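What follows is a single structure, written as structure tokens, with notes after it.
The values are calculated or read from the model by the stated rules, or taken from the named source; none is laboratory data. As the structure is a computational prediction, the values presented were derived from the model and not from experiment. FYI the Cβ positions are ideal-geometry reconstructions off the backbone, even for glycines, and counts take in every protein chain you see. Areas reflect the complete protein model, heavy atoms only, side chains present, ligands, DNA and RNA absent. Shrake-Rupley method; radii C 1.70, N 1.55, O 1.52, S 1.80 Å.
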Amino acid sequence: MAYWLFKSEPSTWGWADQQAKGEAGEEWDGVRNYQARNFMREMKLGDHGFFYHSQTEKAVVGVVEVIAEAHPDSSTDDDRWDCVDIKAVRPVKTPVTLDMIKADGRLDNMILVRNSRLSVQPVADAEWQIICGLAGIDP
DNA sequence: GCCAACGTTGGC
DNA sequence: GCCAACGTTGGC
């Protein structure tokens, strides 16, 4: 299974919104960046990801699961853009802040640190384990 | 609220 | 196909 990270501004679409959708989940639409789109096209059913709040909070706040592989983004007629559907799996016990991630030398190569603007990004297995540890949840 | 980084667009 | 201009994102 591959691991990913989904970034969102909590004022636009936050963890609470995602949880409210329950098992039905929701399209991760609105992505207008080729790199991010390409990562979504690589996602497989059942892959897991972190839900990250940008801007005010800057922390990993939950775990999500891919429940539909890439399909056309219904928020646009432009057929260049695809997206996946994800559902909330569980919240973290302890939010893992960007500061914590930056302070941990093992996470220096995370895209989150290297390229803060990419909104959908892969997470390495080792990084997943480490962040789950910091978050107080089982990988 | 500012600014740096980066991606996209459009003119040539 | 290049590159300048512009818009957007996100950290600080």
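Only one of the numbered conditions (1) of a type in the set (A, V, I, L, M); (2) in contact with a Lys or Arg (Cβ under 7 Å, 6 or more places away or on another chain); (3) within 24 Å of A:Lys21 (Cβ to Cβ) is violated by A:Val113, and that is (3).
Does A:Asp82 satisfy the criteria of being within 16 Å of DNA strand B (Cβ to nearest atom) and touching a Ser or Thr at 6+ places or on another chain (Cβ under 7 Å)? Criteria not met by A:Asp82. Of the set (1) more than 14 Å from DNA strand B (Cβ to nearest atom); (2) at negative phi, all apply to A:Gly25 but (2).
Evaluating A:Lys58 against the criteria (1) open to solvent by less than 80 Å² (accessible area, probe 1.4 Å); (2) on the phi > 0 side of the Ramachandran plot; (3) touching a strand residue (DSSP E or B) at 6+ places or on another chain (Cβ under 7 Å) leaves one unmet condition, (1).
Exactly one residue among A:Val96, A:Val120, A:Val113 is within 15 Å of A:Ala59 (Cα to Cα), within 16 Å of DNA strand C (Cβ to nearest atom) and open to solvent by 30 Å² or more (accessible area, probe 1.4 Å), and that residue is A:Val113.
Beta carbons closer than 7 Å, at least 6 apart along the sequence or on distinct chains, pair a first residue in the stretch A:42-54 that is among the charged types (D, E, K, R) with a second that is in a loop (DSSP other than H, G, I, E, B) for A:Lys44/A:Ala2; A:Asp47/A:Met1; A:Asp47/A:Ala2.
Could you go through the stretch A:69-77 and let me know if any residue there is farther than 16 Å from A:Val120 by Cα, open to solvent by 40 Å² or more (accessible area, probe 1.4 Å), modelled with pLDDT under 95 and away from DNA strand B (no atom under 16 Å from the Cβ). Yes: one or more hits. Does A:Asp85 count as of a type outside the set (Lys, Arg) and at pLDDT below 95? So A:Asp85 does not fit the description; no. Checked against (1) within 19 Å of A:Ala20 (Cα to Cα); (2) free of Cβ contacts under 8 Å to residues at least 12 places away in the same chain, A:Gly133 meets all criteria but (1). Note on the stretch A:1-47: residues that are exposed (fewer than 15 other Cβ atoms within 10 Å of the Cβ), touching a Phe, Trp or Tyr at 6+ places or on another chain (Cβ under 8 Å) and among the hydroxyl-bearing types (Ser, Thr, Tyr) amount to 0.
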